[in-house]
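Okay, so here's the structure we're looking at.
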Amino acid sequence: PKLTKTQSDLLQKAEMIKENAYSPYSNYKVGAALKAKNGKVYLGCNVENAAYGDTICAERSAICSAIADGCKPGDFETMAVSSNGKNFSPCGSCRQVLNEFGQDIDIVFEFGGEIHVNKLSELLPKR
Ligand code: THU
């Protein structure tokens, strides 16, 4: 689809912040940019750990930053996510965590060489 200015700005921010990923184990970099209705943009990247399962995903990193800044459920508009892989979409755990804060959040991501914009409710239906 043709992205709105908000969506393309967020995707650009996600592309930039993924360069800060700490991912020496997978070499997979992910960045997330989350826009809240207060106009602020919260950034996140994946942070891996020698205990692999303790890794924090980019999307959850961004949402935690927003909540720490005072955002509440229902406060979010759009999240853009970018990775250095070909086929990326937010993992099941991130979908579940985001679900807590708004089924109508627009998620922008690149999958199979195309940009997709889906409501969280489409990525995690029947919740
Ligand atoms: N990763 C994310 O940051 N978000 C996702 O939705 C999927 C996976 C990270 C976790 C790990 O550091 C790397 O990508 C490989 O799975």
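The values are calculated or read from the model by the stated rules, or taken from the named source; none is laboratory data. What you see is a predicted model, and the numbers here were worked out from it, not measured in a lab. Counting neighbours? That spans all protein chains shown, and the Cβs are built from the backbone with ideal geometry, glycine included. Only protein heavy atoms, including side chains, enter the accessible area calculation; ligands, DNA and RNA are left aside. Shrake-Rupley method; radii C 1.70, N 1.55, O 1.52, S 1.80 Å.
Odds and ends about this structure:
- Based on protein heavy atoms only, the chain ends up with 54 Å² per residue of surface accessible to a 1.4 Å probe.
- Helical runs assigned H by DSSP (4 residues or longer) give the chain a calculated mean residue ellipticity at 222 nm of -8000 deg cm²/dmol, each run adding -39500 (n - 2.57) before division by the residue total.
- Close lysine pairs were tallied over the chain: pairs 8 or more places apart or on different chains with Cα atoms under 19 Å apart number 24.
- The chymotrypsin sites (Phe, Trp or Tyr not before Pro) of region 23-61 that DSSP puts in a loop, and whose beta carbon has at most 13 other beta carbons within 10 Å, are 25.
- Carbon plus sulfur fraction of accessible area for region 6-127, probe 1.4 Å, in percent: 50 percent
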